[in-house]
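Read the structure below first, then the notes.
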Amino acid sequence: MLADSLLAAVVAQAPAMPGQVDILRLATHSGPVVTGVLLLLIALSVASWAIIGYKWMQVRRTQKNSVKFLETFWGSKRLDTIYETVKEGQNSPLASVFKAGYVELTKVKKLQPEGQELGSMDAALSGLDNISRAMRRAHLLELTRLESLVPFLATTGSTAPFVGLFGTVWGIMVSFQDIGRMGSASLATVAPGISEALIATAAGLAAAIPAVVAYNYCVSKIKIFDSEMESFSSDFLNIIKRHFL
């Protein structure tokens, strides 16, 4: 079969060990368009791996700080003590939501007469609504911070295979032009161009697969952090309603 013959010819072109293809030689002997595609895919892959490392450390740090904050929050009986503790350096999404709610709570408490509760149900509900909105803003800001750079992984995972395919198609077109120019369709004429073209598809897949895996990992972790912030916001609002408003 022609496909089997082409594959055998591609392998035969490589001067490496038997059964192995010299990837570096194929990449450096590609045409200008395929070389440009390979350089673009290498840049995408390097950027993706940098983002993967950064997001992995961010997720680990966020998990650790969230656990530490929850221990501080549920282990203390005074909100001002918790606020002073987290203000000193506990940086986590839950701590940010708490700080936003606590700051708004202090503003609401300053509006009521000294030594008295809020004057009316409307005032209490308005104060609670302000606290809820402040916590929601902090929630969305933290969610945006966690989602930063993640779309790049999705873009790389979805476009890199097509970029590589473009390089492959272009290389095959050049190979067929060589066939027409030389007037020969022998494997010696076709195989070098085909082998150089296929390296672009391989590079596209090599860039896309880690990006897709990392994207799914980040999305799953962000969903967990989102749920934790929602749950904490509800618990904190209930505490405020019971003890302050």
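Observations on the structure shown:
- Which listed residue, of Lys55, Lys68, is at pLDDT 90 or above, touching a Lys or Arg at 6+ places or on another chain (Cβ under 9 Å), in a helix (DSSP H, G or I) and not small (Gly, Ala, Ser): Lys55
- Residues located in region 71-95, provided they are surrounded by 21 or more Cβ atoms within 10 Å (Cβ to Cβ) and at pLDDT 90 or above: Pro93, Leu94, Ala95
- Restricted to region 106-158, and to residues there that are in a helix (DSSP H, G or I) and acidic (Asp, Glu), the residue that is modelled with the lowest pLDDT is Asp122.
- Subset of region 204-242 that is surrounded by 19 or more Cβ atoms within 10 Å (Cβ to Cβ) and among the aromatic types (Phe, Trp, Tyr) - its residue that is farthest from the chain's Cα centre (by Cα): Phe236
- Neighbours by Cβ (under 6 Å, 6+ apart or cross-chain): first from region 32-47, in contact (Cβ under 8 Å) with a residue 60 or more places away in the chain; second polar (S, T, N, Q) and assigned to a helix (DSSP H, G or I): Leu44/Thr156
The values are calculated or read from the model by the stated rules, or taken from the named source; none is laboratory data. Bear in mind the structure is a predicted one, so any value in this text is a computation, not a measurement. All Cβ positions, glycine included, derive from the backbone under ideal geometry; neighbour counts span all protein chains shown.
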